[in-house]
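The next block holds one structure in the form of structure tokens; read it before the comments.
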Amino acid sequence: MISLALVTDEASLPIDYDMPLLLDACQAIGFRAEVCIWENPDIDWSRFDAVLLRSPWNCIEQLPEFLAWCERVAADTHLFNPVSVARWGLDKLYLADIAARGVPIIPSQFVEPGVDPALALKAFLAAYPETSEIVVKPTVGSYSRGVQRYTRPREAEAAEHIAQLLGKGCHVILQPYIDSIDRDGETDLIYFDNVYSHAIRKSAMLMPDGTVNVPTLEFRKARTADEEERAVALAALNAAASHLGLEKPLLYGRVDLIRDVHGNPMVMEMEICEPSLNLPFGEGSALRFAQALKERLLG
């Protein structure tokens, strides 16, 4: 019997809506699955045939420690997705890498520590004169922490926010706020072993007043992604695998898309390390995920 560790952390497990469905799916295909806290020093990870990163969502707050843990686990057993994916995919600088491989992304300017934030912002606003609002976000983050939406008249506030993020050693992304998200939301597509499984529509998170809607279940609903969206999402996943030099496709991944002013889908972000996979919104999706893992391990 295949022994599997489903990795989370204590604070995140209660809001991991995928976990119960995945545990049931693992039992259905004959896996012995165990929910494990990644910070638990008493776990012998080598006793598992595979370790699956599911919801260790506190990893962003202790990223060096988490990546070192991934390295240790990968030395003893199969880690999914691989540690190279975790290291690359937890920093949104990857957007530049997939864009270089022809994947359409939200127009993005990356600002590194040491750069004058006011000058960087002025250059961005000059490059996109048609945009009335901008988004400022750190390249490494979760739950939209540090992400803010600003109108042009609030340029000074936006520059101060950029300065604060840079002062913490963060790289920063500047993006135009895409109005279509207020009307259509975003589409999140889930893939297992490069095969489309299901998708959801997620409502806009960044409000004009500066508040952020946490993407709980009530902000999501099932939808069917069209062929154009699927093509862009698959291109993003393939670009990731190619950039990282992986011999096989990513076992699992989520690609979040929105539409540009012409209605064309573009990547807002990818979640390929420890994504919420929205399994409650895709009938049979947990079983598809477990089966893809089984085939990968047996293969």
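The values are calculated or read from the model by the stated rules, or taken from the named source; none is laboratory data. From a predicted model like this one, the values you see are computed outputs, not experimental measurements. Cβ coordinates were reconstructed from backbone atoms using ideal geometry, including for glycine residues, and neighbour counts include every protein chain displayed. Side chains included, ligands, DNA and RNA excluded: accessible areas come from the protein's heavy atoms. Shrake-Rupley method; radii C 1.70, N 1.55, O 1.52, S 1.80 Å.
Among the residues of the range 89-107, how many are assigned to a helix (DSSP H, G or I) and open to solvent by 20 Å² or more (accessible area, probe 1.4 Å)?
Going through the range 89-107 one residue at a time, the tally reaches 4.
May I ask you to verify whether SER142 is under 16 Å from LYS92 (Cβ atoms) and small (Gly, Ala, Ser)?
Here the answer is yes, as SER142 does meet what is asked.
Considering each residue of the range 91-136, count those that are closer than 22 Å to SER242 by Cα, touching a Leu at 6+ places or on another chain (Cβ under 7 Å) and aliphatic (A, V, I, L, M), and give that number.
Number satisfying all stated conditions: 1.
Being touching a residue at least 60 places away in the same chain (Cβ under 8 Å) and either surrounded by fewer than 16 Cβ atoms within 10 Å (Cβ to Cβ) or not aliphatic (A, V, I, L, M) (or both) is the filter here, so list the residues in the range 50-82 that pass it.
Correct list: ARG54, SER55, PRO56, TRP57, CYS59, LEU63, HIS78, PHE80, ASN81, PRO82.
What are the residues in the range 162-174 that are out of contact with any Gly (no Cβ under 8 Å at 6 or more places or on another chain) and either hydroxyl-bearing (Ser, Thr, Tyr) or crowded, with 21+ Cβ neighbours inside 10 Å (or both), if any?
Result: ILE162, VAL172, ILE173, LEU174.
Cβ-Cβ under 8 Å, sequence separation 6+ or interchain: first residue in the range 31-49 and in contact (Cβ under 8 Å) with a residue 60 or more places away in the chain, partner buried (at least 16 other Cβ atoms within 10 Å of the Cβ) and basic (Lys, Arg). Which pairs?
Once the first residue is in contact (Cβ under 8 Å) with a residue 60 or more places away in the chain and sits in the range 31-49, its partners that are buried (at least 16 other Cβ atoms within 10 Å of the Cβ) and basic (Lys, Arg) give PHE31/LYS294.
Are there any strands (runs of 3 or more DSSP E) wholly within the range 1-88 with 2 or more residues that are among the hydroxyl-bearing types (Ser, Thr, Tyr), and if so which?
It comes to 3-8.
Any idea how many residues of the range 160-196 are under 19 Å from GLU228 (Cβ atoms), touching an Asp or Glu at 6+ places or on another chain (Cβ under 8 Å), part of a strand (DSSP E or B) and not aliphatic (A, V, I, L, M)?
So the count comes out to 3.
Condition first: open to solvent by less than 10 Å² (accessible area, probe 1.4 Å), among the charged types (D, E, K, R) and modelled with pLDDT under 95. Now tell me which residues in the range 180-196 satisfy that.
Hit for the range 180-196 is GLU186, nothing else.
Can you tell me which of (1) open to solvent by 40 Å² or more (accessible area, probe 1.4 Å); (2) within 15 Å of HIS198 (Cα to Cα) is the one ALA233 doesn't meet?
Failing condition for ALA233: (1).
Quick check on my filter: what residues within the range 26-76 are among the hydrophobic types (A, V, I, L, M, F, W, C) and more than 23 Å from the chain's Cα centre (by Cα)?
CYS26, ALA28, ILE29, PHE31, ALA33, ILE43, TRP45, PHE48, ALA75 - these are the residues of the range 26-76 that are among the hydrophobic types (A, V, I, L, M, F, W, C) and more than 23 Å from the chain's Cα centre (by Cα).
Within the range 129-147, can you find the residues that are within 26 Å of the chain's Cα centre (by Cα) and assigned to a loop (DSSP other than H, G, I, E, B)?
THR131, THR139, VAL140, GLY141, SER142, TYR143, SER144, ARG145, GLY146, VAL147
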